[in-house]
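The values are calculated or read from the model by the stated rules, or taken from the named source; none is laboratory data. If you're wondering where the values come from, they're calculated on a predicted model, not measured in any experiment. Every residue, glycine among them, receives a Cβ derived from its backbone with ideal geometry; neighbour counts consider all protein chains shown. Side chains included, ligands, DNA and RNA excluded: accessible areas come from the protein's heavy atoms. Shrake-Rupley method; radii C 1.70, N 1.55, O 1.52, S 1.80 Å.
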Amino acid sequence: MVNHEKTDLHGITVHTIETKKYKTTSFILQIKETINEKNVTKRALLSYVLQSGTKDFPSSKELRSALDDLYGATLNADLSKKGENQVISIRMEVANEKFLSNSEPVLDKAFHLLSQVLLAPALENGVFKENIVKKEKRSLKQQIESIFDDKMRYANKRLLEEMYESEPYHLNVYGNENEVDTITSKELFDYYQEVITNDRLDLYVIGDISTNEMIEKVKKHFCFPENRSEATVTDEQNREEKKITEVKEIFEEQDVQQGKLHMGYRTYTTYSDDDYFALQVFNGVFGGFSHSKLFINVREKESLAYYAASRFESHKGAVFVMSGIETANYEKAVKIIKEQHEEMKNGNITDAEFEQTKAMINNQVLETIDHPIGLSEVLYHNVVAGTNRTIEEWMDGIESVTKEDVVKVAKKVTLDTIFFLKGAGTNGNENI
Amino acid sequence: MGMKTFEQLDETLHFEELENGLKVYVLEKKGFNKTYATFTTHYGSVDNHFKPLGKNEDVKVPDGIAHFLEHKLFEKEHGDVFQDFSKQGASANAFTTFNRTAYLFSTTSDVKKNLTTLIDFVQEPYFTEKTVEKEKGIIGQEIRMYDDNPDWRVYFGLIENMYHHHPVKIDIAGTEKSIAKITKDTLYECYETFYHPSNMILFIVGPVNAQDILEFVKENQSQKSFKEKAPIERFFEDEPSSVAKTEKIIEMTVQTPKCYIGFKEAAPTRKGKELMRHELCVNLALEMMFGKSSPNYEALYEEGLIDQTFSFDYTEENGFGFSMLGGDTQSPDELVKRVSNMVEDFKQESVSADSFERARKKKIGAFLRSLNSPEFIANQFTRYAFNEMDLFDVIPVFESLQANDVEEVLQNHFKKDAMTVCQVRKKKS
């Protein structure tokens, strides 16, 4: 289904996917390391600094001009948490020259530029340029603050902080606001050197390309430090997970129109487990789709919410429920949500729900891999989990799940924490 | 069946206008798993004053009704159409904009079955008093969700500032009060008027056989009868070219203020190629003035007035048009001052061939990138078609533009008296 080739070079794993589907070539560079208190903020700042200048283009303006000249090649870096990892993704997308009226050799230039973003940043006195670091600190702080302004994201962040209080997973992927200013250019540069020496690196190249040519280009353009470690094995994750004795309930009040109800469940199942597929189906029946129990019961039957959904974090093995409700409807909504989970534990899953869910998951995967970034994300799961599943195996895995499997998983799934952001003094008495 | 080949892009578009007036387009995308289809009516939140089909008197309908209708079409006597799609492995959705309402699905199997479901559910309305009442709770929560969203508030606040009368200033979902007035009869009246096939476009993109799909749609439509097509009469009050309000501050529970600056288009009456040229020119002007590689962007970023949320855009259709730029900022007033000076300064200089060329290259690259996305193609093609433009003309039109075209929009669009500002600021406790 997907023509995926994997080549381990010195220090970097190159994944090539040859396809004629797209009018562009996509590069996705994944840089992975375990998330930890000590480096979380530095790592976030690093992702900002790397995209702000290179040796040849030592300012954001110059770098952006170079990209514009490459027919508007895009470059962005962002951060994500995959299980206990903090991953920096540097993505570049460049037009395929065959669609341009005056063909220009953009691919090789793009390759070079990407390698420079990673390996030849803009320096001054042997460390990152002071003015870049200063600017990007401000941007990062603003990014962290903006989470507060988006109430859905804020509630999600608060849920994670409470639920994983004593685990690294509680850390915000953008780091701590208070720490940002304390990081010096020197410290950041030292950390950067650790990153390019030790972190696991995966480069995905997707488009109308030739694998051999891409391998040659990586060899030509990516010059790693000599002491670069080849340790590309994924660490065995700490699988000891907290057993829950009682549900933690946290309330916070703000002047908002709509209450945000977020609930976190532990599932004791992750991507690398055999019952991972059953958990996928569980999440789909529970709240993943518009035919799911949460949507039907919270929204369609009771008109309590515009959205009521659940999502699943594959590597942490958590299910998160979220819904926007009237503050006064808190008890009612929580009760309905808990009931849906009970229903599933008791095996009350109709054939229709079950089959629809499988069909939808199947559809979702096929759609995801139509998109270059989606495709790279699906393939990257294997790197994070230390598995080697093809997309066909993945889909067969879903297909073979039985209702009994789902019930078994539903019984493992345990509610850990409820976070509710209440509206202040705006209880819905407007009877509409 | 008609066919149009875009050699440079390696795409072929098939189309046909059916007897009942429905326009059907099919774009074959080989190698993709997904088929994406949109069924769109040229009817949105601005169409609130019109002459109902077959009547002599014009009516004004409650704010938010087009969006309400969008929600309600999914409900049928046998239940919810979402479920029919998901039984067929497809995911369905819909959205309402200022001037169109689109229903869509995406699927990797059973394309024809899902296509039938899509066409039939949109063409078979079923509204009852009871289900209309029930929906008011759900949409009420949707409205509240947007009320808490500072990005939406600042965006809409800016549009409200610009317009004296044009209904583009009315929130697409209406208010809890306005939707309370909606009844099943008004829904039917809007439906009858705006959901005639001659006011609609069906677009299918994916790994399909165009000929086969077109025949299939024709067959479906030939089994249904529709009223004679009649031109739709919509009414809009005269809109002055000046802005209604030059500034507004909204207080909310936020940490970072948000600030947007807008320029109202004085003569938003263009159609077809002329509209496309104009849109692309304003967007090029914005790119040259404030794109990430511009000296202005660098200065604003360095001064700490903007961050990565900074963006800009121009849009024009159906009697309204505006550009807007802005994002999160710690110093909204300072940002306004700097941006308006930068615009004035830029108008004084002549447009450099170099930066024009760079902006154009960037835009062409971005357009090619969006053609990877079936969603983009279907949604944008439809939007363009309602405005008598052809999406696949974008690259040739870009290539035909000259630096002095940008010069012209700079002088005509970015006028001081067409400027308005909206800010979201932290609520004082």
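Highest mean packing first, where packing is the average number of other Cβ atoms within 10 Å per residue, the peptides B:315-328, B:151-164, B:405-418 line up as B:315-328, B:151-164, B:405-418. Taking the Cα atoms only, what angle lies between the long axis of helix A:372-385 and the longest principal axis of chain A, rounded to 10 degrees? Helix A:372-385 sits at roughly 80 degrees to that axis. Centre-to-centre, using Cα atoms only, the stretch A:327-395 and the stretch A:150-210 are separated by 25 Å.
The mean count of C-beta atoms from other chains within 10 Å of the C-beta of residues in A:141-151, rounded to a whole number, is 6. Among the residues of B:306-314, the average count of other protein chain beta-carbon atoms within 10 Å of the residue beta-carbon is 3. The modelled label-to-label distance for the pair A:Asn388/A:Glu246, using points 7 Å beyond Cα in the direction of Cβ, is 4.9 nm. Between the Cα long axis of helix B:184-194 and the first principal axis of chain B there is an angle of about 80°, rounded to the nearest 10. On the stretch A:1-108, 46 percent of the accessible area sits on carbon and sulfur atoms, based on a 1.4 Å probe. Per-residue 3J(HN,Hα) values for the stretch A:13-20, derived from phi via the Karplus relation 6.51 cos²θ - 1.76 cosθ + 1.60 with θ = phi - 60°, read 9, 9, 10, 10, 10, 8, 7, 9 Hz in sequence order (x marks Gly and Pro). Averaged over its residues, the stretch B:2-234 has an accessible area of 38 Å² per residue, based on protein heavy atoms and a 1.4 Å probe. How big is D, in µm² s⁻¹, for the stretch A:4-221 by Stokes-Einstein at 20 °C and 1.002 mPa s if Rh is the Kirkwood radius over C-alpha pairs? The estimated diffusion coefficient comes to 116 µm²/s. Here the spin labels are modelled as points 7 Å beyond Cα on the Cα-Cβ line, and at A:Asn227 and B:Lys76 they lie 6.8 nm apart.
Take every residue in peptide B:76-85, count the Cβ atoms of other chains within 10 Å of its Cβ, and give the average of those counts.
Mean partner-chain Cβ count within 10 Å for B:76-85: 3.
Taking a spot 7 Å from the Cα of B:Thr131 along the direction of its beta carbon, which residues of the stretch A:279-302 have an amide N less than 19 Å from it? A:290-292, A:295-302, by backbone N distance to the label point. Here chain B has an Rg and Dmax of 22.6, 65 Å, counting Cα atoms alone. Using a Förster radius of 56 Å, what is the FRET efficiency between A:Thr7 and B:Asn404 based on their Cβ-Cβ separation? Nearest 0.05, please. E(calc), rounded to 0.05, equals 0.65. Rg over Rh for the stretch B:2-234 works out to 0.98, using Cα positions for both radii and the Kirkwood form for Rh. For the listed residue pairs A:Lys98/B:Lys4; A:Lys335/B:Lys76; A:Lys42/A:Lys135, the alpha carbons are over 18 angstrom apart in A:Lys98/B:Lys4; A:Lys335/B:Lys76. From largest to smallest, the equivalent ellipsoid semi-axes obtained for chain A from the alpha-carbon gyration tensor read 39, 27, 21 Å. Taking the three principal axes of the alpha carbon atoms in the protein assembly as shown, the coordinate ranges are 83, 73, 62 Å, sorted in descending order.
Under 5 Å from the amide H of B:Glu265 lie the amide H atoms of B:Gly321, B:Phe322, B:Ser323, each residue being 5 or more positions distant or on a separate chain, with H modelled from the backbone and absent for Pro and chain starts.
Shown in residue order for the stretch B:338-352 are the 3J(HN,Hα) couplings computed by the Karplus curve 6.51 cos²θ - 1.76 cosθ + 1.60 at θ = phi - 60°: 5, 5, 5, 5, 4, 5, 4, 4, 4, 5, 6, 7, 8, 5, 7 Hz (x for Gly and Pro).
Using a 1.4 Å probe on protein heavy atoms only, how many Å² of accessible area do B and A hide from each other, summed over both chains and rounded to 100?
6100 Å²
So which residues of the stretch B:106-141 lose at least 50 Å² of accessible area, probe 1.4 Å, when you go from the chain by itself to every protein chain present? Correct list: B:Thr108, B:Lys134, B:Ile138, B:Gln141.
Here the stretch B:1-72 and the stretch B:156-220 have alpha carbon centers that stand 8 Å from each other.
Show me the ranking of peptides B:190-198, A:76-84 by mean Cβ neighbours inside 10 Å, starting with the highest.
B:190-198, A:76-84
Between A:Asn346 and B:Lys426, the modelled labels are 5.0 nm apart [label points 7 Å from Cα along Cα→Cβ].
Highest-first packing order for the peptide set B:270-281, A:153-164 is A:153-164, B:270-281, based on the mean count of other beta carbon atoms within 10 Å. For the options A:His371, A:His262, A:His341, a Gaussian network treatment of chain A with springs between C-alpha atoms closer than 10 Å singles out A:His371 as fluctuating the most.
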